[in-house]
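The values are calculated or read from the model by the stated rules, or taken from the named source; none is laboratory data. In this text, all values refer to a predicted model and were calculated from it rather than measured experimentally. In this analysis, Cβ positions are derived from the backbone assuming ideal geometry, glycine residues included, and neighbour counts consider all displayed protein chains.
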Amino acid sequence: MLESELALDSVLPEQLFGTPFGGARLQPEKRLQVAVLADAVLTFFRWAGNGHARARHLFAEIEAWFASDETDGPFTFVTICDSLQLDPGYIRRGLRHWRARQEVMADRARRLRRESHEIRHQVALPRLRRVA
C-alpha cells in the first residue's frame, strides 16, 4: 500500500457540528423529542379556539406545557428546546402571535354573521386590479 492511501482524511468543523438538532439523524432520543415538539405544535393549532369541552381541556393542557419552565424530565418543553438548540421564548412568541391572529379572525367572522331575524344583505368587495 502506498503511504497516501493510509493518510487520514481531513475533517471539516461543519462535518462535526453542522448537523441539524445536533445530529438528530443519528440520535433516536432527539428524533423522539422532535416528534413530541411537532405533535405539541399540531395539537396547539388543532384545538385553539375550539369551543367543545374536550378541546378546551386539551388546549389548556398543551398551552400549560408550552408555558412551563420545568426541566426535570426529558420531554419537558424547555428540556426539548435545550437539547435541540431551539429558543423556547421564540417558539412561545410565535404561538402567542398565531393565537392572537386567530382570535382576531374569529372575531371578524362573528361580526359578519347575520342574526336569523335580520334581513339578508349582500356584501360587495372591491374588485382587485390584476397585476401583470
Is it the case that the range 65-83 has a residue that's closer than 29 Å to Arg110 by Cα and in contact (Cβ under 8 Å) with a residue 40 or more places away in the chain? no
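Taking only the range 28-56 into account, find how many residues are in a helix (DSSP H, G or I) and more than 16 Å from the chain's Cα centre (by Cα).
From the range 28-56, those in a helix (DSSP H, G or I) are 28-47, 53-56; that's our starting set.
Cutting the leftovers down to more than 16 Å from the chain's Cα centre (by Cα) gives us 28-30, 53-56.
Qualifying residue count for the region: 7.
Mind checking which residues of the range 19-65 are in contact with a Pro (Cβ under 8 Å, 6 or more places away or on another chain) and at pLDDT 90 or above? Working first, answer last.
First, the residues of the range 19-65 that are in contact with a Pro (Cβ under 8 Å, 6 or more places away or on another chain): 29, 33.
Listed by number, the list holds a single entry, Gln33.
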